[in-house]
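Working notes for the structure below.
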Amino acid sequence: MKIEFKKNINSCILLLLCIFSFKASAQEQAFGKPGTFMVGCNYWASHAGTHMWSNWRPEVIEADFKQLAANGIKVLRIFPLWPDFQPINKIYTSGGDVKYVSFKDETLPLTEVGQNGVSELQLQHFETLASLAKKHKLQLVVGLITGWMSGQLYVPPALEGKNILTDPESLMWQQKFVTTFVKRFKNNSSIVAWDFGNECNVIENVKNPFQAYVWSSVISGAIKSIDHSRPIVSGMHSLTADDKGLWLIKDQAALTDILTTHPYSLWTPYASQDPINSLRTIIHAAAETSMYSDVAGKPCLVEETGVMGPMVGGETEKVAFARTALFSNWANDGLGTFWWCAYDQTKLPYAPYNYASVEMELGLIKEDRTPKPVLGEFKKFSKFIDQLPFQILPSRKKEAICILSNNQDNWAVAYSSYILAKQAGFDFSFQKAGQEIKDAPLYLLPSIKGIDAVYNDYWTKLLLKVSQGATLYISLDDAYLPSFTEPLGIEIATNSKRAGLINFISKLPSGENLNFSASAERRYQIKNKTATLLATEADGNPSFLQANYGKGKIYLLTFPLELNLAKKPGAFDVGQPKYSGIYQTIANSLINERILTQQHQSVLTTEHSISDSEKVVILINYNPLDADTKIQLKTGWKIESSLYGDLPNGNDARLKGNDALVLLLKK
C-alpha cells in the first residue's frame, strides 16, 4: 500500500511539473487572441493552382505541407473552389424554362449533402487535406465562398450570369453550401477560423452598402447557425471608413470577429510611390490594419501581402520588405502576416495564370521546390516569435486619438498621419467622427474638408474635451466649422482661393528650422488676437499657431499637410523636410513620457508594457541603409537584454538596414 501510494504521489508531482513547466508559444494560442501573432501563407497546391481540387493529388499536397511546416509556416489559408465543391448545373426545357438543378451528368443525390448541391467527393478531398494539415501541425483558415481568385470569377454553372451577391437564388445556394461545409468540418481540430471567402467584395459591383451588409449577414448567419466555436474572418480587402462607401469597416465589424487587410502596394492608393524596401511601402500594412482595427473595435489580420512579381522588386529587396514588414505588423498589434502565396504558378497553361501576369511569381517557393530567400525570413521570424520569453505581446502604448472626418480621403489622411506620428515619437488610435469620443490627452483632426467635416454636436464635445485639459490639433483643407475662430483667438479676415503654393516658415519650439512649400486650396488671411504664432507664410500671415482654451490647447495648421504628403513621392525619406516636427510640437510632453526616445526619422518605435517595472521597446529601421541613432532612457530605467538585434553601446544604437532591435527594459 505504501509503495503504491508513493508511486501515485510521484506520478502526480511529475504531472504537475509537466503542466506548470509547459509554456505555449505566441503561435500556439487561440487564433485571433490579441497579442498573438501567426506566421502563415495562402495556399494552392504546387502542381495545379486553382485546379488542385479537380486535379487531386494528395501526395503533392503532403509534400507541400511538409516543406511549408519545416520552414516556419504555422497557418494556411485554404480555398475550397466554389464550383468544384458545389458543381450545380441547370437542366433547361422548352422556352428556356428550368426543369431542375443537377450535377453535370446526374441528378442531385438524395442526401443532405447532395440536396444542397455539394460534392461528396470534394468534401472527402478536403477531409484528406485537413488530416494532412494536422499531421504536419498546420492550422487552417478556410475561405468558404471562393468565387474570386487571382483575376478570375469562379461560380457554379447554374449561377453564371447572375448578380452573385444580391440575387436571391444565388444567396440561397451560398447559404446551403456554407451550412453543409461548416457542419461537415465543425469538429475538425485543424480548422481555426472560417473566412467569408477570398475578396468577395470583388465578385459583384454592389450598388449600395445595404446590399454588401445583407450578403455578409447571410454568410455570417449561415456559419453561426452551425458553429459558434470559431472566429469568423472577413476575408475582404479595400474596406472604407467613409459612410458613403460600399463595403464599410463598421459593417464587417458588426458581422465578423476578425477583420482583414490585403496590403499590396501595387493595388492600394498612395502605397506604390516609393521603393518596396522603404518606409511608406513597408508600413502600409501596419497603417491600414491599425485603421481597420481601431475604427471597427475588432482585431485585424494581414491576411495577404507580398510583392507583385519581379517588375516590382528584386529578391534581395523582397527579403528586406518581408523582414521589416513582419516586425512592423507584430509591433503594431497585427494578429499575423500571411504571404501570398505558397508556390509560384508560372507553368500553369490555363486561366487565370495564362493572362494574369502579376499572379504567377508570388510564391515563397518555386515550382521545383526551391525555396526563395523570402521564405528564409519567414522561418527566422517564426522561430523568433516561438522563442520569446512571453506568450502575448501587450498592445503598444497609444497616447492620442486621430479622428477621420467626413468628406476627406480617409485613407490618404490616415496613412500620412500614422507615419508622421510615428516619426515624431508617439502612437495613436483611429476613430471616425461621430463615434463616441474616447478619453485621450491629445486629439488630431487632420486635413478636414467641407462644410460638414464634423457635425456641430461632435465639435462641441471635442471642445469640451479641450477645455478640460486635452490638446487638439487641426489642419485645414477648405473646411468650415462652427464657433471656430473664438476658441483659437483669431479672426479670419478673408478666405480666398490660393493662387500658388503656401510657404511654411518656422522655428519650432524644439529649436529646429522647418521651411518648405506645400499645396493649399484656400488662403486664410488671419488676424491674430491671442494665439501664439509658430509659423508664418512669407508675408507674415500665420500658418501654424497655438491657442489656450480652458485648461487645454488648440493647434491650427492652415493647410492639409497629411493629404499633401500622401500624394508626394519620397515624402518620408531621409533628406526630406522634417514634417514630423509639426507633430513633435503638438505632442512634445507626451513623447517625453516615453521610456525610450530617439530621433532618427527612419527608425520608428513602439512601447509595450509587460508590467509597471518591465517594458518591451521595439525599434524598426524602415530604411535599407544602416541607421545610427542616440537613445534616451527615462530616469530609473535600464536595458535588461536584447531579444533581437545588437545591444546599444551606451546611448548609441545601430540598426542594420531593414531590420529591428527588440529590447527588454526594467527599472
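If you go through the range 58-72 and pick out every residue that is of a type in the set (S, T, N, Q) and touching a Ser or Thr at 6+ places or on another chain (Cβ under 7 Å), you end up with 0.
How many residues does the range 302-354 hold that are among the acidic types (Asp, Glu), closer than 18 Å to residue 77 by Cα and either at pLDDT below 95 or assigned to a loop (DSSP other than H, G, I, E, B) (or both)?
Residues that pass the stated criteria total 1.
Set side by side, the residues 417, 483 differ, and just one is of a type in the set (S, T, N, Q) and under 28 Å from residue 601 (Cα atoms), which is 417.
From 246, 279, which residue is assigned by TED's automatic domain parsing to the domain that holds residue 329, at pLDDT 95 or above, closer than 24 Å to residue 320 by Cβ and among the hydrophobic types (A, V, I, L, M, F, W, C)? Result: 279 is the single residue among 246, 279 that is assigned by TED's automatic domain parsing to the domain that holds residue 329, at pLDDT 95 or above, closer than 24 Å to residue 320 by Cβ and among the hydrophobic types (A, V, I, L, M, F, W, C).
Only a single item in (1) surrounded by 16 or more Cβ atoms within 10 Å (Cβ to Cβ); (2) assigned by TED's automatic domain parsing to the domain that holds residue 448; (3) not hydroxyl-bearing (Ser, Thr, Tyr) is not met by residue 604, and it is number (2). Each residue in the range 179-199 was checked for being buried (at least 19 other Cβ atoms within 10 Å of the Cβ) and over 26 Å from the mean Cα position of the chain (by Cα), and 5 pass. Taken together, the criteria exclude residue 212 from residues that are in contact with a strand residue (DSSP E or B) (Cβ under 8 Å, 6 or more places away or on another chain), in contact (Cβ under 8 Å) with a residue 60 or more places away in the chain, not in a loop (DSSP other than H, G, I, E, B) and not aromatic (Phe, Trp, Tyr). Looking at residue 642, is it at pLDDT 95 or above, surrounded by fewer than 16 Cβ atoms within 10 Å (Cβ to Cβ) and not assigned by TED's automatic domain parsing to the domain that holds residue 466? When the stated conditions are applied, residue 642 passes them. Of the residues in the range 77-104, how many are without any contact (Cβ under 8 Å) to a residue 60 or more places away in the chain and in a loop (DSSP other than H, G, I, E, B)? So the count comes out to 4. Among the residues of the range 512-529, those identified as over 13 Å from residue 556 (Cβ atoms) and hydroxyl-bearing (Ser, Thr, Tyr) are 517, 519.
Taken together, the criteria place residue 259 among residues that are in contact (Cβ under 8 Å) with a residue 24 or more places away in the chain, surrounded by 24 or more Cβ atoms within 10 Å (Cβ to Cβ) and more than 19 Å from residue 624 (Cα to Cα).
Right, residue 272: in a loop (DSSP other than H, G, I, E, B), out of contact with any helix residue (DSSP H, G or I) (no Cβ under 8 Å at 6 or more places or on another chain) and either buried (at least 19 other Cβ atoms within 10 Å of the Cβ) or not basic (Lys, Arg) (or both) or not? Taking the combined requirement at face value, the residue does not satisfy it.
When 119, 54, 11, 25 are checked against the criterion of being modelled with pLDDT under 95, of a type in the set (Gly, Ala, Ser) and within 36 Å of the chain's Cα centre (by Cα), a single residue qualifies: 25.
Which residue is nearest to the chain's Cα centre (by Cα), if the candidates are limited to the range 60-76 and must be among the small types (Gly, Ala, Ser) and within 13 Å of residue 371 (Cα to Cα)? Only one residue tops the list, namely 72. Residue 474 - would you say it is in the same structural domain as residue 433 (by TED's automatic domain parsing) and farther than 19 Å from residue 584 by Cα? Against the criterion (in the same structural domain as residue 433 (by TED's automatic domain parsing) and farther than 19 Å from residue 584 by Cα), residue 474 does not qualify. Set side by side, the residues 636, 657, 650 differ, and just one is under 28 Å from residue 316 (Cβ atoms) and surrounded by fewer than 21 Cβ atoms within 10 Å (Cβ to Cβ), which is 657. If you check residue 33 against the conditions, is it at pLDDT below 65 and either in a loop (DSSP other than H, G, I, E, B) or touching a His at 6+ places or on another chain (Cβ under 8 Å) (or both)? Taking the combined requirement at face value, the residue does not satisfy it.
Out of 576, 546, 584, which single residue is surrounded by 17 or more Cβ atoms within 10 Å (Cβ to Cβ) and over 20 Å from residue 428 (Cα atoms)? Walk me through how you get there before you give the answer.
Details: 576 fails: surrounded by 17 or more Cβ atoms within 10 Å (Cβ to Cβ); 584 fails: over 20 Å from residue 428 (Cα atoms).
It is 546.
A count restricted to the range 480-495 and to residues that are in a strand (DSSP E or B) and more than 19 Å from residue 447 (Cα to Cα) stands at 4. Quick check: is even one residue across the range 293-301 touching a Ser or Thr at 6+ places or on another chain (Cβ under 6 Å), over 13 Å from residue 418 (Cβ atoms) and in a strand (DSSP E or B)? Taking every residue of the range 293-301 in turn, at least one turns out to be touching a Ser or Thr at 6+ places or on another chain (Cβ under 6 Å), over 13 Å from residue 418 (Cβ atoms) and in a strand (DSSP E or B).
Looking across the range 178-203 at every residue that is out of contact with any Lys or Arg (no Cβ under 9 Å at 6 or more places or on another chain) and outside any helix (DSSP H, G or I), the one that is nearest to residue 254 (Cα to Cα) is identified as 196. Within the range 382-418, the residues that satisfy the criterion of being crowded, with 23+ Cβ neighbours inside 10 Å and touching a helix residue (DSSP H, G or I) at 6+ places or on another chain (Cβ under 6 Å) are 402, 404, 413, 414, 415, 416, 417, 418. The number of residues in the range 510-558 that are assigned to a strand (DSSP E or B) and either more than 26 Å from residue 590 (Cβ to Cβ) or at pLDDT 95 or above (or both) comes to 31.
Inclusion of residue 361 among residues that are in contact with a strand residue (DSSP E or B) (Cβ under 9 Å, 6 or more places away or on another chain) and of a type in the set (D, E, K, R) is not warranted.
Listed here are the residues, each with its yes/no results for (1) farther than 24 Å from residue 421 by Cα; (2) surrounded by 17 or more Cβ atoms within 10 Å (Cβ to Cβ).
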position: 442; (1), (2): no, yes
position: 469; (1), (2): no, no
position: 473; (1), (2): no, yes
position: 490; (1), (2): yes, yes
position: 499; (1), (2): yes, no
position: 509; (1), (2): no, no
position: 525; (1), (2): yes, no
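The values are calculated or read from the model by the stated rules, or taken from the named source; none is laboratory data. Keep in mind the model is a prediction, meaning the values are calculated, not measured. Because the Cβ atoms are built from the backbone with ideal geometry, glycine has one as well, and the counts that use them run over all protein chains shown.
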